[in-house]
Ligand SMILES: *Cc1c(COP(=O)(O)O)cnc(C)c1O
């Protein structure tokens, strides 16, 4: 029999979460963001789950091509744009849209515009503003000039104005509140006509009423993770990935015995320790400390000792009926991924994206 670990992907929950995103942003169109292999859920599964999206957005050019080959015929957006001039050919061949965030991308487009427009290519592009995150985009005071330069390129069809929030989950951030990013965006785009796209999941869930978006760009919420603030469940989101395994061994230990590498845990009294077939080589975070929650036969318990490559250990002392073969839920339905992530000092995004290749995936 295969090792008992499995990731179950809930495609119907993706549909539910997308519908919730759209309901939160009436009148706006929605990109379903499926970079990083659909946040670990699988590109093809995410494409099916987001069949009702108005477009799909990602950062990997090869996966954008795969989406076309799998039959997606609505818009596709490259969120980091094109990485070299050759990508412009791929965009033309497969009808891809792209962000434009730096002057090099403008130059590549200018250099190829004659060829591309001779072929009848008209790109739909998304001019990105750096409204304070200082990752990608043109500064607010350089934005209008970049817009004019892009508009003058013969193979450019439409230009959407986009930016990205650093702290949409923390509106009162002392250094860069969302209102300040919006202020800079409004200032930099003043007088420019065209569609706008600002909101990630946190923007959609927490600020939609105050933001004007023609296109929203939800990611994590579509997979049932919270972008921050309150729990995913309280937003009405459903988990889309359940990572489960089984107890494959049990040890009865006494006071003074230690568990796992580094002997980081020492029992103070008699205990039953369950060994679970799931480790950091499956994508479970090695940083998860003792006390991180897990479900055994649907009952909440917690990790003891260090996570190792192929196994982790849980406390079964208060679960006398647990035995070899008992079902363990590491995260997903019944055990919010965000709770596990918080215990491990990270975010649900990272856990889902890091699901390892060796974990078998099924749908359910
Ligand atoms: C990943 C990404 C998103 C989605 O962000 P979430 O926090 O997952 O909703 C939106 N916009 C851009 C530009 C992104 O790179």
Among the residues that make up region 234-244, is at least one of them at pLDDT below 95 and either farther than 22 Å from residue 355 by Cα or within 10 Å of the ligand (Cβ to nearest atom) (or both)?
no
All positions within region 294-307 that are on the phi < 0 side of the Ramachandran plot and surrounded by fewer than 19 Cβ atoms within 10 Å (Cβ to Cβ):
299, 300, 302
Which condition number in (1) under 25 Å from the mean Cα position of the chain (by Cα); (2) assigned to a loop (DSSP other than H, G, I, E, B); (3) crowded, with 16+ Cβ neighbours inside 10 Å is the one that residue 212 fails?
(3)
Since residue 287 meets every condition but one in (1) touching a residue at least 40 places away in the same chain (Cβ under 8 Å); (2) surrounded by 15 or more Cβ atoms within 10 Å (Cβ to Cβ); (3) within 22 Å of the chain's Cα centre (by Cα), which condition does it not meet?
(2)
(1) within 15 Å of the ligand (Cβ to nearest atom); (2) in a loop (DSSP other than H, G, I, E, B); (3) over 19 Å from the mean Cα position of the chain (by Cα); (4) in contact (Cβ under 8 Å) with a residue 24 or more places away in the chain all hold for residue 225 apart from (3)
Selection from region 122-141 of residues on the phi < 0 side of the Ramachandran plot, outside any strand (DSSP E or B) and touching a strand residue (DSSP E or B) at 6+ places or on another chain (Cβ under 9 Å) yields 122, 130, 131, 133, 136, 139, 140
Restricting to region 177-192, what's the tally of residues that are out of contact with any strand residue (DSSP E or B) (no Cβ under 7 Å at 6 or more places or on another chain) and within 16 Å of the ligand (Cβ to nearest atom)?
2
Residue 195 vs (1) within 16 Å of the ligand (Cβ to nearest atom); (2) modelled with pLDDT of 95 or more; (3) under 16 Å from the mean Cα position of the chain (by Cα): all pass except (3)
Of everything in region 198-219, what is touching a strand residue (DSSP E or B) at 6+ places or on another chain (Cβ under 7 Å), within 11 Å of the ligand (Cβ to nearest atom) and touching a residue at least 60 places away in the same chain (Cβ under 8 Å)? Give them in sequence order.
199, 204, 215, 216, 217, 218, 219
Starting from region 9-29, keep only residues that are over 18 Å from residue 240 (Cβ atoms), then list their pairs with residues that are at pLDDT 95 or above and part of a strand (DSSP E or B) whose Cβ atoms are within a distance under 8 Å, requiring at least 6 positions of separation or different chains.
25/216; 28/215; 28/216; 29/55; 29/215; 29/216
Residues of region 50-96 being within 12 Å of residue 31 (Cβ to Cβ) and within 13 Å of the ligand (Cβ to nearest atom), which ones?
50, 53, 55, 56, 57, 58, 77, 78, 79
Touching a strand residue (DSSP E or B) at 6+ places or on another chain (Cβ under 8 Å) and over 13 Å from residue 40 (Cβ atoms): does that describe residue 314?
yes
Residue within region 54-64 that is out of contact with any helix residue (DSSP H, G or I) (no Cβ under 7 Å at 6 or more places or on another chain), within 24 Å of residue 363 (Cα to Cα), assigned by TED's automatic domain parsing to the domain that holds residue 161 and free of Cβ contacts under 8 Å to residues at least 24 places away in the same chain present
no
For region 324-364, what are the residues that are in a loop (DSSP other than H, G, I, E, B) and surrounded by 14 or more Cβ atoms within 10 Å (Cβ to Cβ)?
326, 333, 336, 344, 346, 347, 354, 355, 356, 359
Which number in (1) away from the ligand (no atom under 12 Å from the Cβ); (2) touching a residue at least 60 places away in the same chain (Cβ under 8 Å); (3) touching a helix residue (DSSP H, G or I) at 6+ places or on another chain (Cβ under 8 Å); (4) not in a helix (DSSP H, G or I) marks the one condition that residue 2 misses?
(3)
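The values are calculated or read from the model by the stated rules, or taken from the named source; none is laboratory data. Nothing here was measured: the structure is a model prediction, and the numbers come from that model. Because the Cβ atoms are built from the backbone with ideal geometry, glycine has one as well, and the counts that use them run over all protein chains shown.
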